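Can you read through this structure? Questions will come right after.
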Amino acid sequence: MPCLYISTNVNLAGADSTAIFSATTTAVSSIIGKPENYVMVLLKGSVPISFGGNGEPAAFAEVVSMGGINSEVKRRLISTLGSILNEKLSVPPARFFLKVHDTTAGRPISKL
């Protein structure tokens with residue numbers, strides 16, 4: 001079950017959170033290759049964030065997934081989620097940081 005957690009210093013009062021949830025769920029699902037009904041998205045606004053020493057619009061996000069993560073997936077997640085946050089919340093892609101964690105990384109593959 002992939003989980004996307006987004007924190008931003010943008011006030012979400014005027015934002016269409018339904019559209020953000022829809023766009024990010026579809027993006028994570030299609031990029032990681034997991035069904036949409038397994039994707040969880042959490043969105044928190046008005047979080048005190050300083051990026052580059054100032055409080056202009058910025059966001060931090062974390063994706064946690066059980067498998068499906070590689071360097072190409074990471075690049076696509078950064079690009080796509082950055083575009084969504086830019087479009088929906090006016091967070092410039094250069095002020096968006098994404099942390100990606102695969103919970104199965106480093107585990108030995110069992111052979112049946």
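Among (i) 77, 24, 20; (ii) 52, 29, 20; (iii) 160, 28, 7, which is the computed Cα extents along the principal axes in Å?
Label (ii) holds the value from this structure.
So, one more: Send over a whole-number figure in Å² for the accessible area per residue of the chain, probe 1.4 Å.
Normalised by residue count, the accessible surface of the chain is 58 Å².
Cross-link partners among aspartates and glutamates for K74, C-alpha distance below 15 Å, same-chain residues fewer than 8 apart left out?
E62, D102
In nm, to one decimal, how far is the E87 label point from the Y38 one, both placed 7 Å along Cα→Cβ?
Simple spin-label model gives 2.5 nm for this pair.
Summing Lys, Arg as +1 and Asp, Glu as -1, what charge do residues with Cβ under 13 Å from the Cβ of T80 carry, T80 excluded?
+2
Please report the antiparallel percentage of DSSP beta bridges with both residues in the stretch 1-96, rounded to the nearest 5.
So the antiparallel bridges in the stretch 1-96 amount to around 55 percent.
Kindly give the semi-axes, whole Å and largest first, of the ellipsoid equivalent to the stretch 1-64, taking each as the square root of 5 times a Cα gyration tensor eigenvalue.
Working from the Cα gyration tensor, I get semi-axes of 24, 13, 8 Å.
Carbon and sulfur together cover what percent of the accessible area of the stretch 1-97 at a 1.4 Å probe radius?
On the stretch 1-97, the fraction of accessible area on carbon and sulfur atoms equals 56 percent.
Full-extension gain between V64 and T26, please, as 0.36 nm times their residue separation minus the C-alpha to C-alpha distance.
Result: 12.1 nm gained on full extension.
The values are calculated or read from the model by the stated rules, or taken from the named source; none is laboratory data. Computed from a prediction, not measured in an experiment: that's the story for all the values here. With ideal geometry, Cβ positions are generated from the backbone for all residues, glycine too; neighbour counts draw on all protein chains shown. Keep in mind that these areas ignore ligands, DNA and RNA; they rest on the heavy atoms of the full protein, side chains included. Shrake-Rupley method; radii C 1.70, N 1.55, O 1.52, S 1.80 Å.
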